[in-house]
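The values are calculated or read from the model by the stated rules, or taken from the named source; none is laboratory data. As the structure is a computational prediction, the values presented were derived from the model and not from experiment. In this analysis, Cβ positions are derived from the backbone assuming ideal geometry, glycine residues included, and neighbour counts consider all displayed protein chains. Surface accessibility is based on the protein's heavy atoms, side chains included, excluding ligands, DNA and RNA. Shrake-Rupley method; radii C 1.70, N 1.55, O 1.52, S 1.80 Å.
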Amino acid sequence: MLARIANNLFWMGRYIERAEHLARFINVNYFSSLDAPDKLSRDRQFVLHSICEMVGGIECDKKNLVEEEVLFNAVLNPENPNSILNCVKYARENANTSRDLVSSELYEALNKFYHFVMNYPKDYFKQRGLHDFTSHVTNQTSVLKGKMRSTLLHDDIYSIIKVGINMERATQVTRIIKAKYEDVEQTVEKKKKNPMKNSFEWITLLKCAGAYDLNRRLYKKTPTQLTALEFLIVNPHCTKSVIYSLHQMSKYINRLDPAKVSSKESAAFLINKMHCDYKYKTVEEVEGDVKGFINQTLSTLVQIGTKLENEYFYL
């Protein structure tokens, strides 16, 4: 496979996964705040700043953000490279250059998704289209991943797409944890008796990652800091967890080039090493320094991305 084609497939997968996580984060944060139990979580500026920080490419320094502007910039603004619209646009552009390697069913679904996003009525979105749009994005990205699984040969092409999807999932889930942890810190600043452990924001965190129902089914109680972090970081059975994404990355990168697995300078080695570190990580260790752990995780994922680029996508 040409490096250029591998790069396009990898980023197609990443952009599809990114669009899903951004859409769910915006949807959950906005609508969960409407009936939140504490005053700050219901505060519109608090919610808008959280969305700004997560999406990026939006000016977040203003004290009084305009709701309509923030949501439009995060979702449909073609000038914001981080908007959902551009994620879908970039995914389709990457698919266009690899048209002969993806199935007709996958390409048609992606093309249909692209036209839905590009032609979505801007005026309607600003008035009352947020829920409709973000729900459609999360549903359509699930359809695309189903098409990948069922209509592609599970060969090198599928493997490189899956590496991209799972790398982006690990990155976005970690960023969501970081964003919501910072939100929790703000909501409990004036409270006493260590209320961080039972903040409403832990429920929001799990919903943002699409893991709330799974968490309740496993722990059978209201989510806390311990159960939320454990479930999204070190639970190997949760398909949304960071360790699960690392396991999938390890599985598919080893298929791409088994000979590189033992090389200490390879991306495969770094992925497998990170996976093993997580495999024996406990949530108590994470709780001891949540911010430090998150920053280290994001830093390592960036290193992996650089190694992948040098090994497989060097143009």
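Data for the structure
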| read-out | value |
| --- | --- |
| Eligible aspartates and glutamates near LYS251 by straight Cα distance, threshold 19 Å, same-chain separation 8 or greater | GLU17, ASP155, ASP156, GLU168, GLU265, ASP277, GLU309, GLU311 |
| Carbon/sulfur fraction of accessible area - region 1-89, other protein chains in place, 1.4 Å, % | 47 |
| Most mobile listed residue (SER150, SER98, SER33) in the chain, GNM with C-alpha springs under 10 Å | SER150 |
| Derived scalar couplings ³J(HN,Hα) [region 107-120; Karplus, 6.51 cos²θ - 1.76 cosθ + 1.60; whole Hz; x for Gly, Pro] | 5, 5, 5, 5, 5, 5, 4, 4, 5, 4, 5, 5, 9, 5 |
| Rounded Å value of the spacing that divides the Cα centres of region 27-76 and region 244-304 | 32 |
| Accessible area per residue in Å² at 1.4 Å probe, computed on the chain | 47 |
| Accessible surface of region 181-305, 1.4 Å probe, proportion on carbon and sulfur as whole % | 51 |
| Cα gyration tensor category, rounded, prolate or oblate, for region 95-153 with a/c compared to 1.5 | oblate |
| Cβ-Cβ FRET estimate between GLN127 and THR97, R0 fixed at 51 Å, reported to 0.05 | 0.90 |
| Gyration tensor verdict on the chain (Cα atoms; rounded if a/c is under 1.5, prolate if a/b is larger than b/c, oblate otherwise) | oblate |
| Other-chain or far-sequence residues with amide H under 5 Å of CYS60's (modelled H) | none |
| Gained length - GLU68 relative to GLU309, 0.36 nm times residue gap less alpha-carbon distance | 83.0 nm |
| Separation in nanometres of the label points that stand 7 Å from Cα toward Cβ, at GLU108 and LYS220 | 4.7 |
| Listed residues LEU270, LEU206 arranged by accessible area, highest first, probe 1.4 Å | LEU270, LEU206 |
| Dmax and Rg, reported as Rg then Dmax, of region 53-209 (C-alpha, Å) | 18.4, 60 |
| Residue with peak Gaussian network fluctuation, the chain [Cα springs, cutoff 10 Å], from TYR181, TYR252, TYR280 | TYR280 |
| Karplus-derived HN-Hα couplings along region 52-61 (A = 6.51, B = -1.76, C = 1.60, θ = phi - 60°), whole Hz, x at Gly and Pro | 4, 5, 6, 6, x, x, 10, 6, 10, 7 |
| For region 1-120, alpha-carbon Rg over 2.2 N^0.38 Å | 1.24 |
| Per-selection metrics, region 177-315 (Cα): Rg and Dmax in Å | 17.0, 55 |
| Residue-level accessible surface for ARG92, protein heavy atoms, 1.4 Å, Å² | 50 |
| The chain - percent relative contact order, Cα under 8 Å, separation 6 or more | 22 |
